[in-house]
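One structure is given here, and the rest of the page talks about it.
The values are calculated or read from the model by the stated rules, or taken from the named source; none is laboratory data. Everything numeric here is computed off the predicted structure, so don't read it as measured data. All Cβ positions, glycine included, derive from the backbone under ideal geometry; neighbour counts span all protein chains shown. In case anyone asks, the SASA skips ligands and DNA or RNA and just uses the protein heavy atoms, side chains included. Shrake-Rupley method; radii C 1.70, N 1.55, O 1.52, S 1.80 Å.
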Amino acid sequence: MDNEELPKLLGDCVHCGFCLPTCPTYVLWGEEMDSPRGRIHLMEQHHEGAPLSAPMVQHFDACLGCMACVTSCPSGVQYDRLIEMTRAEVEREHPRPLPERALREAIFRLFPYPNRLRALRGPLRAYQKSGLDKLIRRSGVLERLSPSLAAMERLAPPLSHSPRLPERVAA
């Protein structure tokens, strides 16, 4: 990372640990590198010349971007700026495997657009009603092809027709 702003931003972190209990990924996994403090340490390593390794990128990708750490930081670390700059660097420097690129492309072309998501409700409902979802889960084929896609499939809510809301509801 060549940005002149980066060393100052990295230097703001005093590694106090106040961010740890506010970070969902740290709370879930208990892994230091999946905390803001740990990711800042990785950012410092990269700034000092360490290449962006796949495990390093995995820790940056795991950040939810919730920014709960920003409000809990007594030193005023601008983690939002740091992770934003780092993610841009990752996209420029780190070659991702084709299946990962394809999945990320699908996610970025689908999830930010409510109308595209709505358009998928019908096919998803048909997939669930046909029983194909149960068959695919039992076979484990999706898990072998793409564990990420299999996780997304397991998280898909069961769809049914939405009940019509009344035009007016009394207080």
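Some points to look at:
- A single entry from 124, 110, 135 fulfils the requirement of being of a type outside the set (Lys, Arg) and within 21 Å of residue 91 (Cα to Cα): 110.
- For segment 15-44, a residue qualifies if it is of a type in the set (A, V, I, L, M), touching a Cys at 6+ places or on another chain (Cβ under 9 Å) and surrounded by fewer than 19 Cβ atoms within 10 Å (Cβ to Cβ), and exactly one does: 20.
- Of all residues in segment 45-59, none satisfies the criterion of being among the charged types (D, E, K, R) and either crowded, with 16+ Cβ neighbours inside 10 Å or within 18 Å of residue 22 (Cβ to Cβ) (or both).
- Scanning segment 1-22 for residues that are in a loop (DSSP other than H, G, I, E, B) and of a type in the set (S, T, N, Q) returns a single hit, 3.
Results for (1) of a type outside the set (Ser, Thr, Tyr); (2) touching a helix residue (DSSP H, G or I) at 6+ places or on another chain (Cβ under 6 Å); (3) closer than 29 Å to residue 97 by Cβ; (4) exposed (fewer than 10 other Cβ atoms within 10 Å of the Cβ), shown as yes or no for each residue.
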position: 117; (1), (2), (3), (4): yes, no, yes, no
position: 122; (1), (2), (3), (4): yes, no, no, no
position: 131; (1), (2), (3), (4): yes, no, no, yes
position: 134; (1), (2), (3), (4): yes, no, no, no
position: 143; (1), (2), (3), (4): yes, yes, yes, no
position: 151; (1), (2), (3), (4): yes, no, yes, no
position: 159; (1), (2), (3), (4): yes, yes, no, no
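- Residues of segment 138-171 satisfying the condition of being among the charged types (D, E, K, R) and either under 16 Å from residue 127 (Cα atoms) or touching a Pro at 6+ places or on another chain (Cβ under 7 Å) (or both): 138, 153, 154
- Inter-residue pairs, beta-carbon under 8 Å, first of a type in the set (Gly, Ala, Ser) and in segment 16-44, second modelled with pLDDT of 95 or more and not in a helix (DSSP H, G or I), 6+ apart: 35/19; 35/23; 38/31
- Residues in segment 85-110 that are more than 30 Å from residue 7 (Cα to Cα) and surrounded by 15 or more Cβ atoms within 10 Å (Cβ to Cβ): 1 in all.
- If the condition is being over 20 Å from residue 5 (Cβ atoms), part of a helix (DSSP H, G or I) and of a type in the set (S, T, N, Q), then segment 23-51 contributes only 25.
- Long-range neighbours under 7 Å by Cβ, at least six apart or interchain, first residue on the phi > 0 side of the Ramachandran plot and touching a residue at least 40 places away in the same chain (Cβ under 8 Å) within segment 53-78, second hydroxyl-bearing (Ser, Thr, Tyr) and open to solvent by 50 Å² or more (accessible area, probe 1.4 Å): none
- Checking each residue in segment 60-84 for being in a helix (DSSP H, G or I) and either aromatic (Phe, Trp, Tyr) or crowded, with 19+ Cβ neighbours inside 10 Å (or both) picks out 60, 69, 79, 82, 83.
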